[in-house]
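None of the figures in this text is laboratory data; all of them are computed from the coordinates on show. Owing to the predicted nature of the structure, the values given are computational and were not obtained by experimental measurement. Cβ: placed from backbone, ideal geometry, glycine included. Neighbour counts: every protein chain shown.
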Amino acid sequence: EIDIVRARYGKSPIEHIRDLGLLRPGTVLAHCVLATDAELAMIRDHGAAVASCPYAFSRFGVAVPFARFLDAGINLGVGTDGVGLDMVAELRAAALLAKVQAGRGGIAGGEAMLRAATAGGAAAIGRDDLGTLAVGATADLLLFDLSGARYQPVWNPLQALLTNGVAADLHTMLVDGRMLIRDRAVQGVDEAAITRRGAAAIRRVWDAAARLGRLPAGIAARRAEQAAFA
């Protein structure tokens with residue numbers, strides 16, 4: 001992508017969207033793994049944001065420059081990129097990568113990671129009513145159960161969650177004041193039925209792609225392995 005944009009426009013993708021007037025508050029750039037320090041400063045100075053998904057890239061041996069994002073002072077959000085749906089694990093991966101990259105144990109502390117997962121992401125999409133506990137803010141609340149053995153002793157609840165936690169320890173979830181999870185159980189819907197329907201829909205998509213010869217080689221190979229053991 002970078003080579004194509006440079007060949008066509010004589011500049012990097014980030015410079016190109018800046019010159020188009022699109023690098024501004026409300027613009028969210030995904031990943032930015034190959035962004036230079038000058039480009040990160042450009043993103044920061046224009047008020048844009050970066051959505052980082054460290055775990056997704058780590059699986060392919062690519063180190064997301066999370067420490068550089070933090071040092072640059074960019075408005076930063078964290079996502080899963082669809083690879084996994086455990087935001088606690090994603091935040092832990094982001095923090096560990098940042099510490100290793102920077103060689104500084106003090107970077108990517110609990111408060112910085114919490115902000116990236118909440119207020120940072122909200123600011124990226126221009127929603128100052130999200131990601132914070134304040135009068136007038138939307139009532140989005142998560143309660144985690146830290147009573148399990150792996151958390152003990154709990155000196156710092158936030159750090160305990162980021163160091164040892166998993167999404168399965170989510171006890172209660174409120175979204176805009178509506179109770180969606182209570183006592184670890186999804187409320188108001190049949191979670192197992194939805195999961196089965198979703199899995200079936202995914203299989204139909206992959207099957208159709210296979211018939212058309214459109215499956216990526218790696219996925220096609222895995223499907224062949226699964227069929228051999230079926």
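Listed values, structure above:
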read-out	value
Label corresponding to log10 I(q)/I(0) by the Debye sum over Cα atoms at q = 0.15 Å⁻¹ when calculated from the structure given, among (1) -1.21; (2) -0.89; (3) -1.08	(1)
GNM top mover of Ala168, Ala94, Ala149 - the chain, alpha-carbon springs below 10 Å	Ala149
Fully extended contour minus Cα-Cα distance, from Thr163 to His16, at 0.36 nm per residue	49.0 nm
Axial C-alpha extent at least 20 Å, average Kyte-Doolittle at least 1.0 - helices from the chain (DSSP)	87-102
Label-point gap, in nm, between Thr80 and Gln226 - each point 7 angstrom along Cα→Cβ	1.8 nm
Footprinting exposure proxy for Tyr55, Tyr151 (fewest neighbouring C-beta atoms within 10 Å first)	Tyr151, Tyr55
Spatial separation of Cα centroids for region 126-164 and region 1-73, in angstrom	29 Å
Pairwise FRET efficiency - Ile219 versus Asp183, Cβ, R0 = 22 Å, nearest 0.05	0.05
Added length on full extension, which subtracts the Cα-Cα distance from 0.36 nm per residue, Arg150 to Ala209	17.0 nm
Among beta bridges that DSSP assigns inside the chain, antiparallel share in %, nearest 5	55 percent
Amide H contacts of Phe144 (H built 1.01 Å from N, under 5 Å, at least 5 apart or other chain)	His171
